[in-house]
Amino acid sequence: GKRINHVKNVYYDDLIKEQQQLIAAIRALKKKKNSHNMNSNNNENYDKKNLLANAKQHLGGTYVWGGTVPKGFDCSGYVQYIYKKEGVQLPRTAYAQSKVGKPITDAEDLIKGDLLFFLTDKSRNVPITHVGIYLGEDKFIHAASKKQGIIISSLSQSKYGKILVKATRIIK
């Protein structure tokens, strides 16, 4: 056989070095993203008492379809606003909000600050049409309707217990 002597290829070596740097950068971004997602969903620095107190400040407030400000909220705009005051970014719609956080599989595991999701209007062809914030002791606060505004309802002693689809935990 013939002996082959390898010659250093600067171009190839530079490509390998660049590739290794890109892989390291991608890994660092993934690690940072995973760490951020875990922190944003499970950060114990969020003050649940403050969140619930802020939520209750709007009790009796006006319901406005598409509303995202204290002058008028819809259900998901209200939840988004309350959580944003605690530094938690949530999507805009109830359905999108239902995809965020840790699912709660048993109603007995609900804690204050959990989000409750309901199907109030089957004609809209989405699986979630309403959201509220659990207050504890079978009660939750939500922007219910134009007629009722922001109210506190019983989960088991109202229509909402029958149309509850799921619950998620945003703040531990």
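Structural remarks
- Net charge contributed by nearby residues that have their C-beta within less than 14 Å of T105 (K/R +1, D/E -1): -1
- Taking the helices alone, the chain has a mean residue ellipticity at 222 nm of -11000 deg cm²/dmol, built from -39,500 (n - 2.57) per DSSP H run of at least 4 residues and averaged over all its residues.
- Distance (nanometres) between label positions extended 7 Å along Cα→Cβ at Q89 and Q148: 3.2 nm
- Electrostatic bookkeeping for F118 treats Lys and Arg as +1 and Asp and Glu as -1; over the other residues with beta carbon under 10 Å from its beta carbon, the sum is +2.
- When restricted to Cα atoms, segment 114-162 yields an Rg and a Dmax of 10.7, 31 Å, respectively.
- Note on the chain: with neighbouring protein chains present and a 1.4 Å probe, carbon and sulfur make up 52 percent of its accessible heavy-atom surface.
- Max mean-square fluctuation residue, GNM over the chain, Cα-Cα springs under 10 Å, options D13, D121, D47: D13
- Normalised convex hull volume, the chain, alpha-carbon set, Å³ per residue: 208 Å³
- Solvent-accessible surface (1.4 Å probe) assigned to K48 amounts to roughly 50 Å².
- Average accessible surface for the chain: 66 Å² per residue, computed with a 1.4 Å probe over protein heavy atoms with every protein chain in place.
- Between helix 75-84 and the chain there is an angle of about 60 degrees, using the helix long axis and the longest principal axis of the Cα atoms.
- Here the Gaussian network model covers the chain, with springs between Cα atoms less than 10 Å apart; of G132, G87, G149, G87 fluctuates the most.
The values are calculated or read from the model by the stated rules, or taken from the named source; none is laboratory data. Being a predicted model, the structure only gives us computed values, none of them experimental. A quick note on method: Cβ atoms are made from the backbone with ideal geometry, for glycine too, and the neighbour counts reach across all protein chains shown. These area figures cover heavy atoms from the full protein model, side chains too; ligands, DNA and RNA do not enter into them. Shrake-Rupley method; radii C 1.70, N 1.55, O 1.52, S 1.80 Å.
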